[in-house]
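What follows is a short report on a single structure.
None of the figures in this text is laboratory data; all of them are computed from the coordinates on show. Computed from a predicted model, the values in this text were never measured in an experiment. A quick note on method: Cβ atoms are made from the backbone with ideal geometry, for glycine too, and the neighbour counts reach across all protein chains shown.
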Amino acid sequence: MYLPSDAPRAVPLLPQLENAVSFDYLYHVNGTISIFWADVTLDTIFRVEVTGKTASNPRPIVSTGLSTVEGIAVDWISEVIYWTDSHHDHIQVAKIDGLMRATVVKGEIHNPRDIVVDPRSDTVHTVTYDGRDHVEVLRDHVFSTHPFSVDLFENYVYWTDWRINAIVRCSKR
């Protein structure tokens, strides 16, 4: 990524995390932001509130029954958080405070990685490594078959590609 020389410096908002691998956020109308992240060493999903340059009250919201959470997605309309657990081969959901936890998909997916939610169309998209029940959005072997992170914006799917060290975009239609 290129940043101009006069660009603000990046500083850690939450330093000294154990092993954070995935995050998403929820922007609140009062201007605060809730950041959610998964720690695969602690097998816990955390939440922190951010106001301006200050992060406060980091806390676990889900800390039992997790093993290898690799993807998190926040539905900003329903205010729920979805996550993938590649060890247990399932997708779960809970309110943003961690309550009302439920399993959405179990046993029908293998090794789910990242996840993204599109609440406007009531859909959840995941990246898995087994290739079953896939929807092809791109046929091009230039790109990796192991995307690390995926996201949606408007009518596009974005993902990071380890093999070519790039962020890639493709129309989802």
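Just name one of His110, Gly31, Val80: the one whose Cα is farthest towards the positive end of the charge dipole of the range 20-112 (beta-carbon charges, Lys/Arg +1, Asp/Glu -1). Going by the Cα projections, it comes out as Gly31.
Mind checking the full-extension length gain between Arg120 and Leu99? Use 0.36 nm per residue of separation minus the Cα-Cα distance, one decimal, nm.
Computed gain between Arg120 and Leu99 is 5.2 nm.
Plainly put, the range 20-112 has a radius of gyration that is 0.98 times its Kirkwood radius, both from alpha-carbon atoms, as the Rg/Rh ratio.
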